[in-house]
Ligand SMILES: NC(=O)c1ccc[n+]([C@@H]2O[C@H](COP(=O)([O-])OP(=O)(O)OC[C@H]3O[C@@H](n4cnc5c(N)ncnc54)[C@H](O)[C@@H]3O)[C@@H](O)[C@H]2O)c1
Ligand SMILES: [Zn+2]
């Protein structure tokens, strides 16, 4: 686990204090054009003058080996040695890729994550997974390595696109549903806009932290984090292939509804609990119609999902609100029923 997860309203002071304890030889900040514009202003001019910078192009399509080569080249040009540090200021793309570059440069140097999207704050920055996409395979090449520190500041979210904020919120909802019924009841009383991020984010991070600490390499328990993701990923991939991309969290929102339907069918949660979940999620995300012709395609996509063992599609479902299980085998027929159910919610 990272040496420290630091929640702050003053990222400059928190970072400077941390760096002064470490005595690094060189500092490289990695940003993209959006975080350069919106997030670097939270740091002082004098600090920015003392460090090196590397600006990469934003977007998942740049989370690849070509961009890594650019980053490694920059690190080499700045003559960074094994006592240098990389600071990633950005969303999950920067964190995953900048972390991967640091973890592999000269067999691994220190890095600090300063996540600036809600998704990267509550999800990507905890758990030690780093990586890049390769050909059409997402997160295909990577390593597990912990950052020296994660510095989380909710002020960054003020400049984040509303749709990106809403997408990250799906992981917050997921964490509450799988691990903390009280948090779920609190969250669902408020709209997205009215959430108190300084309470919600540390709480959500802590849930992921506890789960990943208990199972760092995804042998068992960590699978509960896949709730909403088996069918959710398949829905995300389907829309992507059709050139009608929806954001990760928007797909996971659908995934959480259909997989809650599965939990009802398996006898884990009640129909009323399903309604409570679907009503809140639809109030935030609306409803996306899934074409009938797509259902089989989506089900086939789950068969390629890496979570499956010996051909069975294994799900992480809600055992009850605030607790999840894993390795629950679900048939293609039941998956189809769940997607059909979702489509009937708002037709
Ligand atoms: N390592 C993990 O455990 C883990 C977990 C979940 C997701 N991920 C990865 O995270 C990535 C998605 O992360 P993301 O949703 O943060 O996407 P992202 O990094 O692409 O950021 C989304 C957009 O917001 C912009 N942005 C970031 N911070 C901003 C700010 N404060 N103000 C204005 N604009 C800002 C970015 O430039 C980008 O255009 C995926 O590649 C996914 O695989 C990793
Ligand atoms: Zn997710």
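Brief remarks on what is shown
- Selection status of residue 14, under 29 Å from residue 248 (Cβ atoms) and at pLDDT 95 or above: yes
- The residue that is surrounded by the fewest Cβ atoms within 10 Å (Cβ to Cβ), counting only those in the range 21-47 that are over 30 Å from residue 245 (Cβ atoms) and touching a strand residue (DSSP E or B) at 6+ places or on another chain (Cβ under 8 Å), is 22.
- The one condition from (1) assigned to a helix (DSSP H, G or I); (2) within 15 Å of the chain's Cα centre (by Cα); (3) under 16 Å from residue 335 (Cβ atoms) that residue 228 does not meet is (1).
- Residue ranges of strands (runs of 3 or more DSSP E) in the range 119-179 with at least 1 members within 10 Å of ligand 1 (Cβ to nearest atom) and modelled with pLDDT of 95 or more: 129-134, 137-144
- Top-ranked residue of the range 106-118 - restricted to ones that are more than 16 Å from residue 52 (Cα to Cα) and over 17 Å from the mean Cα position of the chain (by Cα), ranked as nearest to ligand 1 (Cβ to nearest atom): 108
- Residue selected from the range 48-64 under the condition touching a residue at least 60 places away in the same chain (Cβ under 8 Å) and part of a loop (DSSP other than H, G, I, E, B), by the criterion surrounded by the fewest Cβ atoms within 10 Å (Cβ to Cβ): 64
- Per-region count, the range 78-110, residues in a loop (DSSP other than H, G, I, E, B) and touching a helix residue (DSSP H, G or I) at 6+ places or on another chain (Cβ under 8 Å): 7
- For residue 263: the one exception among (1) within 16 Å of ligand 1 (Cβ to nearest atom); (2) touching a helix residue (DSSP H, G or I) at 6+ places or on another chain (Cβ under 8 Å): (1)
- When each of 122, 85 is tested for being touching a strand residue (DSSP E or B) at 6+ places or on another chain (Cβ under 6 Å) and assigned by TED's automatic domain parsing to the domain that holds residue 35, the lone residue that passes is 85.
- Count of the range 237-255 residues which are within 20 Å of residue 162 (Cβ to Cβ), more than 9 Å from ligand 2 (Cβ to nearest atom) and assigned to a helix (DSSP H, G or I): 4
- Subset of the range 183-214 that is in a loop (DSSP other than H, G, I, E, B) and in contact (Cβ under 8 Å) with a residue 60 or more places away in the chain - its residue that is nearest to residue 322 (Cα to Cα): 188
- Residue 225 being within 13 Å of ligand 1 (Cβ to nearest atom) and either modelled with pLDDT of 95 or more or surrounded by fewer than 23 Cβ atoms within 10 Å (Cβ to Cβ) (or both): yes
- Test: residue in the range 192-199 that is more than 18 Å from residue 228 (Cβ to Cβ), surrounded by 24 or more Cβ atoms within 10 Å (Cβ to Cβ) and touching a helix residue (DSSP H, G or I) at 6+ places or on another chain (Cβ under 7 Å): no
- Test: residue 247 is touching a helix residue (DSSP H, G or I) at 6+ places or on another chain (Cβ under 6 Å), modelled with pLDDT of 95 or more and in the same structural domain as residue 296 (by TED's automatic domain parsing): yes
- Of the residues examined, residue 255 is not one that is in contact (Cβ under 8 Å) with a residue 40 or more places away in the chain, in the same structural domain as residue 177 (by TED's automatic domain parsing) and touching a helix residue (DSSP H, G or I) at 6+ places or on another chain (Cβ under 9 Å).
The rows are residues; the columns are (1) away from ligand 2 (no atom under 16 Å from the Cβ); (2) under 25 Å from residue 79 (Cα atoms).
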{"site": "103", "(1), (2)": "yes, yes"}
{"site": "111", "(1), (2)": "yes, yes"}
{"site": "120", "(1), (2)": "no, no"}
{"site": "123", "(1), (2)": "no, no"}
{"site": "126", "(1), (2)": "no, no"}
{"site": "138", "(1), (2)": "no, no"}
{"site": "143", "(1), (2)": "yes, yes"}
{"site": "151", "(1), (2)": "yes, no"}
{"site": "156", "(1), (2)": "yes, no"}
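The values are calculated or read from the model by the stated rules, or taken from the named source; none is laboratory data. Since the model is a prediction, treat every value here as computed from it, not as a measurement. Note: ideal-geometry Cβ built from the backbone for every residue, glycine included; neighbour counts use all protein chains shown.
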